[in-house]
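**Q** One structure, pasted below without further comment.
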Amino acid sequence: MKHLSLFYFKYMAALLLAVGLAGCGAIKNISDGKPLLFNSSGAKEQSDLQARIRVIEEANDREVARNKWIEEKMNHSDQLCGTYINSMLKNSEAWQLNDKDNDELDKKLQLAISLRKFDRADPDALLFARGDEKKLENPIALSLIKTIERSRRMARIQMKARFEGSFAQYSVKQALMDVAAYHRSCSTKFAAEKLARSTTMLMSPEQREESIQTLMQLRQKLMDEGMSTRSVQQKINAIILDH
């Protein structure tokens, strides 16, 4: 069953990359093609951004001020991503996936099946069960959406760990670069590439166990030195969840 699942994901990822799904870029503003996170780069917006950054720089608790602003940007990205995902699911109804339906061999097979009127057969026990054919959701679109949502949940966990860094360790620029990467993760292109990598770079059980043990040793070393182990623990969690 695990081999079948791996084969399915490899096929799905290859198909996605081959057909070049519409809307593969990051979320775009239809009117001007610019990313929606910061709608324009006009003088007023630049001035507003500089003023907000200056407030963060001068805050009594700069870490809290930084984190609050970045959280606002991530929440804004989540709102836009929800709209994008809904649009993706709706548009996926038009994706052409069954390009071999009704070819000559299929026609002959369907005719042969129809001739066997009294044979005992169970449509629900097929090699590749179709499930509920009345269901309208596109299975590839659902897989893409799950990949996007899962990746962003994991990114949120990583960001919480980074928010604990001091203002010098985790600069505003680095935080903005992270939230920009977070925003770009809401795209079919990102999800397709993520699926493709996951099918070709899966660790063996031995490799996974070795990685976890190495990280646990590092975590213990940090604990002995009185240092934060949160980032190492997040890596351990990510390896376990990727299984």
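**Q** Can you pull out the residues in segment 161-191 that are touching a helix residue (DSSP H, G or I) at 6+ places or on another chain (Cβ under 7 Å) and closer than 14 Å to I53 by Cβ?
**A** Once the filter is applied, which keeps residues that are touching a helix residue (DSSP H, G or I) at 6+ places or on another chain (Cβ under 7 Å) and closer than 14 Å to I53 by Cβ, segment 161-191 yields F167, V172, A175, V179.
**Q** Identify all residues within segment 73-95 that are open to solvent by 80 Å² or more (accessible area, probe 1.4 Å) and acidic (D, E); write none if there are none.
**A** Step one: filter segment 73-95 for residues open to solvent by 80 Å² or more (accessible area, probe 1.4 Å), giving 79, 83, 86, 90-91, 93.
Matches in segment 73-95: E93 only.
**Q** Tell me the helices (runs of 4 or more DSSP H) entirely within segment 144-229 that contain at least 1 residues that are over 29 Å from N67 (Cβ atoms). Outline the logic, then answer.
**A** Values: elements: 172-184, 188-200, 205-224.
Correct list: 188-200, 205-224.
**Q** A further question on this structure: Within segment 15-25, can one find any residue that is touching a Cys at 6+ places or on another chain (Cβ under 9 Å), at pLDDT below 50 and assigned to a loop (DSSP other than H, G, I, E, B)?
**A** Looking for residues that are touching a Cys at 6+ places or on another chain (Cβ under 9 Å), at pLDDT below 50 and assigned to a loop (DSSP other than H, G, I, E, B), one finds none in segment 15-25, hence no.
**Q** How do the pairs read when you match residues in segment 138-159 that are free of Cβ contacts under 8 Å to residues at least 40 places away in the same chain with residues anywhere that are crowded, with 19+ Cβ neighbours inside 10 Å, using Cβ under 7 Å and keeping only pairs 6 or more apart or on different chains?
**A** Listed pairs, sorted by first residue: A155/Y182; A155/S185.
**Q** Something else: Please enumerate the residues belonging to segment 144-181 that are open to solvent by 30 Å² or more (accessible area, probe 1.4 Å), over 8 Å from the mean Cα position of the chain (by Cα) and within 16 Å of N237 (Cα to Cα).
**A** Across segment 144-181, the qualifying residues are R153, M154, R156, I157, Q158, K160, R162.
**Q** Any residue at all in segment 183-196 that's acidic (D, E) and farther than 30 Å from L144 by Cβ?
**A** First, the residues of segment 183-196 that are acidic (D, E): 193.
Going one step further and asking which of them are farther than 30 Å from L144 by Cβ, we end up with none.
The answer is no, given that none of the residues of segment 183-196 is acidic (D, E) and farther than 30 Å from L144 by Cβ.
**Q** Which number in (1) at negative phi; (2) at pLDDT below 80; (3) among the small types (G, A, S) marks the one condition that S114 misses?
**A** (2)
**Q** Would you confirm whether or not segment 92-106 contains a residue that is at pLDDT 80 or above, out of contact with any strand residue (DSSP E or B) (no Cβ under 8 Å at 6 or more places or on another chain), within 24 Å of H183 (Cβ to Cβ) and in a helix (DSSP H, G or I)?
**A** No, that holds for no residue.
**Q** Looking at (1) in contact with a helix residue (DSSP H, G or I) (Cβ under 7 Å, 6 or more places away or on another chain); (2) open to solvent by 80 Å² or more (accessible area, probe 1.4 Å); (3) of a type in the set (S, T, N, Q), can you tell me which one Q220 breaks?
**A** Going through (1) in contact with a helix residue (DSSP H, G or I) (Cβ under 7 Å, 6 or more places away or on another chain); (2) open to solvent by 80 Å² or more (accessible area, probe 1.4 Å); (3) of a type in the set (S, T, N, Q) one by one, Q220 breaks only (1).
**Q** Has segment 180-189 got at least one residue that is among the β-branched types (V, I, T), at pLDDT below 80 and more than 30 Å from D61 (Cα to Cα)?
**A** Just the residues of segment 180-189 that are among the β-branched types (V, I, T), to begin with: 188.
Of the ones still in play, those that are also at pLDDT below 80 are none.
No, every residue in segment 180-189 fails to be among the β-branched types (V, I, T), at pLDDT below 80 and more than 30 Å from D61 (Cα to Cα).
**Q** Further question on the same structure: Look at R197 and say whether it is modelled with pLDDT of 85 or more and open to solvent by 90 Å² or more (accessible area, probe 1.4 Å). So that I can check it myself, show each step before the final result.
**A** Numbers: modelled with pLDDT of 85 or more: no; open to solvent by 90 Å² or more (accessible area, probe 1.4 Å): yes.
In short, no.
The values are calculated or read from the model by the stated rules, or taken from the named source; none is laboratory data. Bear in mind the structure is a predicted one, so any value in this text is a computation, not a measurement. Because the Cβ atoms are built from the backbone with ideal geometry, glycine has one as well, and the counts that use them run over all protein chains shown. Side chains included, ligands, DNA and RNA excluded: accessible areas come from the protein's heavy atoms. Shrake-Rupley method; radii C 1.70, N 1.55, O 1.52, S 1.80 Å.
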